[in-house]
Structures are given as structure tokens and as C-alpha cells.
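Just below is one structure, and these are the notes that go with it.
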Amino acid sequence: MTMKNSRTALNTALLNVKRPGRYLGGEAGSVRKDPAAVDLRFALAFPDVYEIGMSHVGSAILYQVLNQTAWIAAERAYCPWPDMGDQLRENGVALSTLESDTPLAQMDIVGFSLQYELCYTNVLHMLDLAGIPRRHSQRSEEDPLILVGGPCAFNPEPLADFIDAALLGDGEEAAVEICQAIRDSRRAGESRQQCLERLSRIEGVYVPHFFSVDYQADGRIAAIRPHDTDYPSVRRRFVADLDSAPFPERPLVPSMHTVHNRVALEIARGCTRGCRFCQAGYIYRPVRERQAPHLAEIAHNALCSSGYDELSLLSLSSGDYSAIEPLLQHLMARRAEDRIALSLPSLRVGSLTDNLIEEIRKVRKTGFTLAPEAGSERLRQVINKGIEAEELIRSARTIYSLGWRVIKLYFMMGLPTETAEDLAGIVELSAAVKRTARGTEGGGDVNVSVSTFVPKAHTPFQWEAQIGLEQTVRQQQTLREQLQKKKLRLKWHEATLSLLEGVFARGDRRLGALLERAVDLGCRFDGWRDHFRFDLWQQAMAECHIDSAFYLRQREEDEVLPWDHLDCGIPKAFFLRERRRSRQLDYTPDCRHGQCSGCGICDFEQLTMRYADATPVFRAEAAPPTSEPGRYKLRLRMAKTGNARFISHLEFMTVVQRALRRMNAPLRYSQGFHPHPRLSFPDALPTGVESRAELVDIELIAPRDPKTFSHDMNAQLPEGFAVLNAEEVDFSTPAAGSTIRTSRYVVTGQDDFPPDLALRVQQALAADSLPFVRQKDNKPIRVDLRPDIADLCWDGQQLTLDLHRGSPVVIACFLLGLNDSRVRSLGLCKTEVTLEIEARPV
């Protein structure tokens, strides 16, 4: 299929998909560079839907790092949801970047972030939509280089046939070095192969086809052979000092709702707890913490520039951060007047002190999550979790007593050496946690979540077996029945998803054929339950002669593993020692507080543990001036045009609120537990309809000059949104949205208008009723349109609708005899409104 880039076709597609805001770009904080002014264009591709990718901190860091380099333009692309993917295919439109609408095939580099094995089909799907050949061997000198990074890059072998290179480890410095090498190679007139040879000399860069893999008759790997003896293995890339590494202080702010609508602040990287199942705990070592005063400044700048009202402190274990309590206290004191909420999404039982729980209580309003991982003391010793039941019970009692009503408990099943008694321990421990809520005000509940253990590369359990499909389902059923008897709810991870994750987590290059066949059969978005097609995967496995049991089996300790030539910084001998210690129930202490565990990650010079000062000194700030809050109101007339017409009404409200926060408007807030700005909006505008007459009332506690206010707000609004006019009105003036008498809409595009439109307009105005059947949630609904109509006019050039209420799209469909999608594509715009009560001027 010939791929093209057609804005007209794309706009038509946007009218036929859910959540078109995913595909618009132009967000606050986005960077758009002139392609002619840069040497290299880098597409940061995320193989999942927009709202997931926009919440990924690593992508945000690379977006800033690359765009801060004058000669590099970093742009973004996300995997289109199936409805949009189908639209692109049907219209022959190539998958393009959000910033410049450039097809991915015209970029210099396309870099995928691999966060999860079940996104691999989306990688190939995105290459297909972009018109880029899947396999590296099929690409020409003109095609972009395909790179991958992220945690799954530590075993990218299932993707080896499709990628040109992988980056192992931290990308802040390596990403720019990769771009520099590619630019130098092109200036030297080198071939694609010579360019990859340059890349292979960068620490952390792995070029798969510079290695060959031999297999034994039984399917196991016989040898991994480097083609160049000077390139026998690849060592992970490290950023030695996280505190000096860049971090976004002007984050991208989506115009639509995403998974994490907040500033995400990485306070530390790495973990030394040593949980033997946890890949992240090993591939992100050593622990590197940012200093608390630096974090406070980043938080301040990011909140001011984004307009977010929530801040999340991220690390593998936020509670282990050396200065967590003083940092929390400072942030809460500093941000209280700004009504900023804080969250700590990653907490370990072993890091919870009563003081820390008390601080969290002040900022966290949702359920409290704890992860004992295993139900028995014995099994927690096997996995090196280092949590005793008494400690968990004590923490739960404190949590309930401080006002939480729900505790979420996370466990795994299928862990090495697990017995029926260990599974029963999940039920008993969960029930014991729930009993601690007795006697607390309001009582408490427990939600239990159980996932299936999936062995991962570069961990002490990389040799272990994963339980099969039937055993997984059987154990899930047992747990559900036993927990129901205790009046506890169970959530579990789908057994088929866990099986596929396990196959690819320790997979080799032979899985490339399986992956390609699955994509050909229609597999995509495998991590989403509603889109996962295990039947298609079974068909692909059968056709490719792949036995999932071979990849879920226990490995021999002397077996060559697919990732043996990839060095995460921790030697295989350490993992073997830890595996053997697990069988002896030997605990390996956290070297943060004890002696070095000898994992080999540190050189104790450049690469070593870097902890934040436990008693930080924050920069003193002058107290903001205080004055008695007044009562003022501004009425804005706003435009929503161009791509902004695809933003939903709720998202429009969020865009306005964040712009007001970015300009530091003196907003008046509601009272209560969850205060919100006192704003008034009109009724929802149908998606795809433009407007130049959206009236928004804003209550303030201090006066502002309307002209200056308009100018300042326009500087903060994303593309397509604008304040056309602002006026101060009396505070007691009723909200504009509640006093609208009529709204005027104009419809252009007369080529599609019926020749008897004038007669249709005349008949509609003369009618007492206008019965019409419209579709709502795929169900027909009979309505009378006549009460909604105040006046209609067709002047031979445009159709004008004056409506009391109702959707202009439905009425235009009735008059023009066109379907919903066609009417929205004509150019429908709200141009003015008439109010029942005119605003009283001040």
C-alpha cells in the first residue's frame, strides 16, 4: 500500500474515532522546530496509546534532552488506537509525528521505548502504518534507523530481526551521542552498515545483527558468536550522578486527560532491596538520589509552567528516599496555598514509619497500597522481601487508624518453591490485615491483587520455571473461592497474558517469526484485555511451531541464555549466588543500611551509591503578600478552532483551568475537601464543531485588567484556543451559560447542500414538530427538533442555525440529509450567542 500524508484525510478520520485529541499535538510545552534548521530528526515512538505514553517520564526526559540540542529535533508518535489505525489504513495515510505531521518514514531515527513485552506487536504495527519495512535487512539507505530502549531492551532478542540497535541503560547522555554519531556518519558519506559500526562503539549500544546465534538439536542455545572480537558483549550505560542529570521543568501538558494528570518528579533511580524476582531492582542499580532542595526547585518550576494541581514523587521505593520526610514537609508547606496535592505511588512496608504515614495522610486521599508479594514468611525469605507479617499488620493498623478506609495488597503466585501452604498464607494474611480495621472509625476493607510470577532476565530467578496456563487458572480459582469466604475481593492478571509475557521475557530470536505472524493475523494492543486475542496467538504458535512450554521451562544453571552477551553491570555469578541463597532461606541485607552485597555494580569512584542529605536545607522564601480576598468576575469570549475543535468539552475545561494556573491568575476556589476553581462554562459543544463564542465566567479574589488578562491567558493557551474578548462584570451577574437564549451556528460547504434547501428551511420553520431519529450509544432515539429551533436562514452561501438548545449537528443532518460525520466535516461553527440577561457592567 502506498503511504501518504494527507491532512484532509486525517481530519476526516478524526471525526470517526474515539478521543481524537490523541492525534492532534500542539500541546502546551511541545517543541516545534523548523526541519530546515536542524541536522537530525528523532521520532520518540511509544508503542502504546497516547494517554499511556504521555505519562511516561523517560520519554519526557529524552524529549527535553534532545530538543535542548540545537541541531536535533525530537518529535513524538504513539500507537493509534485500533479505530484510528483502521482509518489510517483505509485512507492510505502514513503514521506521522505530532509536532510537524511528518511521516515516520521521513525521520532520521525512530526510537521505541519498550516498557512491557506485550507491546512488541505494536512496534511492528507502527512500522507498518508508517510504511517502514519491518525487518532491518529489508530497509534501504533512505529508511530511518530503528532503535529501542527501556527495560525490555535488556533482552531485545525477540525483536532482533526488526531493530537496528538497542540502548541498554540510561539514555540522558547516550541519546545525544547516538545522534552525534549518526550525523558524523552522514557527513562522512558512510553507508548504513558503517553508521551502525559507529554506533556499536558507543557504550550501551547493542547492534543485534553483529552477533550470530547457534542452537542445539534440543532447541537450547549452543553459542552466541560476535562477528567482531572487539565487540564481544555490550555493557549497560550509566548516568553516574542523577542530581546533575537534566529533568523537565517545563513538561508537556496534554490537552486531553491521560493516565497520570500530574507533574511526575523522579526523586531517585535504582534500588538495593534485592528482591530476587524484581528486574527493575537490578537493572537500575546503583541507587542515585537527587538532592531535596534541587527537587523542590524542579517541582516549583514544573508546577508553575504546567498548571497541574498534583505532584507525584517517583522512584522504585519513594519511602526509601533519604530525605523523604523533610521533602514532604517542605513541599506541603510550600504548595499548600496553591492547593497542590502530593502522591507517593511506590511505598514499601519496610520503609513505612509512623511519621511517614502521618505525612502521607495529609496529602493522599485514595487507597493505601502495600506489596507483601508472598503469603508466608518462608516464601518472603525465598524472594528476599524482608517483610515480617507483624510489621505489615502494625503498618495496616496505623494506616486504618489515620483514616484510610481501603488497603490494597499485592501478591504474586507461582514463585519458586511455592506450596499450597504459601497460597493459603495469602488468604490468611489478607484477612489479618482486614481485622486490624476493627475498632477504627468507619472500619476498613482490603482489596487483594494477585499476579503470576514471570521470570525476567538479569535477576536471580532468571533460571526458574513459570507455571503454565492450567495451573495458573486453577490457583486463581482457589484463591478467589477462599478469599470470598473471608469477604475479600480478588483481582488477578489474566493467565493468557502472563503466559505470553513469560514467553517473550526470556525469549530468543526465533520468536521474531511468531511475532510477525501474530501481527499479520491482527494482534495488537496485547496488553489491553479487550483487544488481546489469545486464539490468534495460538494459531501463530502452531503455524510457527513454537511451544510456549519451552520458553516457560526452568533453565539449567550452565545453559547459555539469550541475553548472556548483554551486561547489566551485575555479573551472572552474583545472580547464581543469590539463587542458591534463596533455597537456603538466606537473607541478603539492603546495602543502603548494611554491608556491601557484592553485586559488582559500583566502582566506588565514579559509579557508586549517591544519597541525598537526610537533613536538607531548603532555600528560604519570602512569604507571599496577604490581603483580604475580594469578589470579582471576568467574562471571557473564547474561540475553539482548528484542531482544538476535536477536544471534548471536559478537556476544554481542563485546558482553561491549567492555562489560568500557569498565568498565576488569582482564582477564587470552592470550599470543602476538594476545592476547585470557581469557573462557569457553557453547554458542551459537539466534537468537531468550531466556536468563536464560548463564554467562560471566572471568579477572582483580586481585580485584573481585562485586556492584560486576555493577553496573558492567550500566551498560555495551546494551539486553537484563544480569548477573543474579556470584560469585567458585576460579581452577582448570573453565569453566562445559564442565561443563553439562542446560539448561532453557520454551516459552509454548499457543494454538499441539497438543491431544495431553501424549501426545506421554509418547511421546517412552518412545522409544529420535526420528528427525527438519531443514534445515541448505537441505539435509535426518536426526538422532536422543532422546539430547539429559534430561526433558520439559507442565503445561498451559508446555512445559519439559531438554536435555543440542542445539537447543531443533528439539526444540520435533518436539513441537509447528510450523516453525522459528513456534517461535522463541512465546517460548522458557533459564531455568537444571545443572552436572556445582559451582563451588568462594573
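Provide the per-residue ³J(HN,Hα) series for the range 814-826, in order, calculated from phi with Karplus coefficients 6.51, -1.76, 1.60 and θ = phi - 60°, each as a whole number of Hz, with x at glycine and proline positions.
Couplings: 4, 6, 8, x, 10, 7, 4, 4, 5, 5, 5, 7, 6 Hz.
Determine ³J(HN,Hα), in whole Hz, for all residues of the range 403-409 in sequence, where each value follows from phi through the Karplus function 6.51 cos²θ - 1.76 cosθ + 1.60 and θ = phi - 60°; x replaces Gly and Pro.
My calculation for the range 403-409 gives x, 5, 9, 10, 10, 9, 10 Hz in order.
Using 0.36 nm per residue, how much length does the chain from ALA758 to THR834 gain when fully extended, once their Cα-Cα distance is taken away?
Residue separation times 0.36 nm, minus the Cα-Cα distance, leaves 24.9 nm.
Quick one: if you stick a label point 7 Å off each Cα along the C-beta vector at GLU481 and CYS544, how many nm between them?
The modelled label-to-label distance comes out at 3.6 nm.
Less than 19 Å from a label point 7 Å out along the Cα-to-Cβ axis of ASN301: which backbone N atoms in the range 48-90 qualify, by residue?
Label zone hits: 57-70.
Between LEU585 and GLN68, how high is the FRET efficiency from 1/(1 + (r/R0)^6) when r is the Cβ-Cβ distance and R₀ = 56 Å? Nearest 0.05.
0.65
What is the distance in Å between the Cα centroid of the range 528-574 and that of the range 15-33?
What the calculation gives is 36 Å, centre to centre.
Please work out the C-alpha center-to-center distance from the range 238-298 to the range 389-403 and express it in whole Å.
28
Checking the cross-link filter: which aspartates and glutamates have an alpha carbon closer than 16 Å to that of LYS18, excluding same-chain neighbours under 8 positions apart?
ASP48, GLU51, ASP83, ASP86, ASP530, GLU651, ASP777, ASP820
Could you tell me how many degrees, from 0 to 90 and to the nearest 10, lie between the Cα long axis of helix 354-363 and the main elongation axis, the longest principal axis, of the Cα atoms of the chain?
That works out to roughly 20 degrees.
Name the residues whose placed amide hydrogens come within less than 5 Å of the amide hydrogen of MET638, ignoring near sequence neighbours (fewer than 5 apart) on the same chain.
Answer set, sorted by chain and number: GLU694, LEU695, VAL696, LEU724.
Within the range 106-121, which residues have the backbone N less than 17 Å from the label spot 7 Å out from ASP520 along Cα→beta-carbon, could you tell me?
Only 121 pass the distance filter.
Estimate the FRET efficiency between ASN664 and ALA432 by the formula 1/(1 + (r/R0)^6), using the beta-carbon distance for r and 60 Å for R0, to the nearest 0.05.
Efficiency computed from Cβ-Cβ geometry: 0.75.
At a threshold of 8 angstrom on Cα-Cα distance, excluding pairs fewer than six apart, so keeping six or more, what relative contact order does the range 260-330 reach in percent?
43
Using a 1.4 Å probe over the heavy atoms of the protein chains, calculate the carbon and sulfur portion of the accessible area of the range 1-133 as a whole percent.
C and S fraction of accessible area: 50 percent.
With angles folded into 0 to 90 degrees, how steeply does helix 534-544 sit against the dominant principal axis of the chain? Use alpha carbons for both and round to 10.
Taking the Cα atoms of the chain, the angle to 534-544 is about 50 degrees.
Can you list the residues, at least 5 places off or on another chain, whose amide H is less than 5 Å from the amide H of THR369, using H built in the peptide plane?
LYS408
Taking a probe of 1.4 Å, how large is the accessible area per residue of the chain, in Å²?
So the chain comes to 42 Å² accessible per residue, rounded to a whole number.
With 21 Å as the limit, write out which pairs from LYS385/LYS486; LYS633/LYS830; LYS434/LYS456; LYS633/LYS707; LYS408/LYS487 have Cα-Cα distances beyond it, or answer none.
Too far apart for the 21 Å limit: LYS385/LYS486; LYS633/LYS830; LYS434/LYS456.
Using the basic label-point model (7 angstrom from Cα toward the beta carbon), what is the ARG201 to ALA223 distance in nanometres?
Distance between the two pseudo-spin positions: 2.8 nm.
Return the FRET efficiency for the residue pair SER140, ALA702: r is the Cβ-Cβ distance, R0 is 60 Å, and the value is rounded to the nearest 0.05.
The formula returns an efficiency of 0.45 here.
Sort 74-81, 381-388, 469-476 by packing, meaning the average of other beta carbons within 10 Å per residue, with the highest value first.
Highest mean packing first, the order is 74-81, 381-388, 469-476.
How many nm is it between the label spots at ASP34 and ARG489, if each spot is 7 Å from the Cα in line with the beta carbon?
5.6
Pick out, from PRO460, LEU402, HIS300, the residue whose Cα sits farthest towards the positive end of the charge dipole of the chain, with +1 on the Cβ of Lys and Arg and -1 on the Cβ of Asp and Glu.
LEU402
Please compute the length gained on full extension between GLN750 and ALA341, using 0.36 nm multiplied by the number of residues separating them and subtracting their Cα-Cα distance.
Working it through step by step, the gained length comes to 142.1 nm.
With θ taken as phi - 60° and the coefficients 6.51, -1.76 and 1.60, list the Karplus ³J(HN,Hα) couplings across the range 709-715 in order, rounded to whole Hz; mark glycine and proline as x.
Using θ = phi - 60°, the values come out as 4, 4, 4, 5, 6, 4, 5 Hz.
Can you list, bin by bin at 10 Å, the percent of alpha carbon pairs in the chain, starting at 0?
2, 11, 19, 23, 21, 14, 7, 2, 0
Could you work out how much longer the chain between LYS572 and ARG774 gets when fully extended? Use 0.36 nm per residue separation minus the Cα distance between them, nm to one decimal.
66.2 nm
Under 13 Å from the Cβ of GLN68, count the other residues' Cβ atoms, weight Lys and Arg +1, Asp and Glu -1, and hand me the total.
-1
What angle, in degrees between 0 and 90 and rounded to the nearest 10, separates the Cα long axis of helix 389-401 from the longest principal axis of the Cα atoms of the chain?
20
Within the set of other residues whose C-beta is less than 15 Å from the C-beta of HIS294, count the net charge using Lys and Arg as +1 and Asp and Glu as -1.
Neighbourhood net charge equals -1.
Within the range 748-765, what residues put their amide N at less than 13 Å from the label point 7 Å along the Cα-to-Cβ vector of GLN797?
748-750
Please report the spacing between the Cα centers of the range 191-228 and the range 68-90 in Å, no decimals.
First find each Cα centre; the distance between them is then 29 Å.
Nearest 500 deg cm²/dmol is fine: what mean residue ellipticity at 222 nm does the chain get from its DSSP H runs of n ≥ 4 alone, each adding -39,500 (n - 2.57), divided by its residue count?
Using -39500 (n - 2.57) per qualifying helix, the result is -9000 deg cm²/dmol.
The values are calculated or read from the model by the stated rules, or taken from the named source; none is laboratory data. Bear in mind the structure is a predicted one, so any value in this text is a computation, not a measurement. In this analysis, Cβ positions are derived from the backbone assuming ideal geometry, glycine residues included, and neighbour counts consider all displayed protein chains. To get the accessible areas, we keep the full protein, side chains included, count just its heavy atoms, and leave off ligands, DNA and RNA. Shrake-Rupley method; radii C 1.70, N 1.55, O 1.52, S 1.80 Å.
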